[in-house]
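Where a number appears in this text, it was derived from the coordinates with a stated rule and is not lab data. Here the structure is a predicted model, which means the values were calculated and not measured. Cβ coordinates were reconstructed from backbone atoms using ideal geometry, including for glycine residues, and neighbour counts include every protein chain displayed.
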Amino acid sequence: MFHFKQFSVDQTGCAMKINTDGVLLGALTEVDKPLAVLDIGTGTGVIALMLAQRFPAAQIDAVEIDEAAANTAANNFKNSPFKDRLTLYATDFKSFFDNRPEKKYDLIVSNPPFYINSLQSPGAKKNQAKHAGDGFFDGLIEVIASHLANNGICWLVLPRDTSALVKTLAASSGLSLQKIIKIHSFKTDEAHREILAFGLQSARISEQNFVIYDAPKIYSQEYQAALRGFLTIF
């Protein structure tokens, strides 16, 4: 059980545990007063819960293909103060939208599987949580482009090599890159992740560097500021 300031997250049965990528996506996502939000591949449900805390008017749908993780996320939603605004769908994102072809969202977020065509981990659950098969990101970008509201924003967190692929796919699907947040462990390190924002409207691309640590085990001021509303250590 992982305790945040306003909610708790059980991680039972979830191959992808709470991690820095997820909490940074939940904390750094920017959008103007969203009413309809979708979290694709919610896992424990932590990102959806963070967004429910940040955006009190939003109704949040969360999709999770893994049955055990979906059950855990549903219970986390039910036990949270935001339970009336969170709905879990135990399915894949393509099937979800096949049944809701007209659905549009003001905000779509995802911390998706990030290894592409690489050596897979032993364990089916970890493979599903961390490894994307051929065509996964093509399908993901296609549904995002089709189901964003006119002024909606999609935020994704990705390793840099996967980020390059997604940028290309997004451009070919009519999505415009609007912001890049480059995540560095230390100021002197190369960025190891990128948080990307895409929309249907053209915009000048904004770039930002975000550093997690000032020194080993010492969080930066910007990390503390971003997570202060959520993590009990700040």
Checklist outcome for this item: In whole Hz, the Karplus estimates of ³J(HN,Hα) for the range 149-166 (6.51, -1.76, 1.60; θ = phi - 60°; x where Gly or Pro) are 5, 3, 9, x, 10, 10, 10, 10, 10, 8, x, 5, 5, 5, 4, 4, 4, 5
Item to check | Relative contact order (%) - the range 2-227, alpha-carbon pairs under 8 angstrom, separation at least six | outcome: 16
Checklist entry - What is the sum of charges around P101, taking Lys and Arg as +1, Asp and Glu as -1, for the other residues whose C-beta is under 14 Å from the C-beta of P101? => result +1
Checklist outcome for this item: Per-residue ellipticity at 222 nm attributable to helices in the chain (runs of n ≥ 4 DSSP H, -39500 (n - 2.57) apiece, nearest 500 deg cm²/dmol) works out to -9000 deg cm²/dmol
Checklist entry - Which percent, nearest 5, of DSSP beta bridges in the chain are antiparallel? => result 40
Checklist entry - Along the three principal axes, how long is the range 141-234 when you take its alpha carbons, biggest first, rounded to the nearest angstrom? => result 41, 27, 22
Checklist entry - Got a sec to turn the phi values of the range 78-85 into Karplus ³J(HN,Hα) couplings, 6.51 cos²θ - 1.76 cosθ + 1.60 with θ = phi - 60°, whole Hz, x for Gly and Pro? => result 4, 8, 9, x, 10, 4, 6, 10
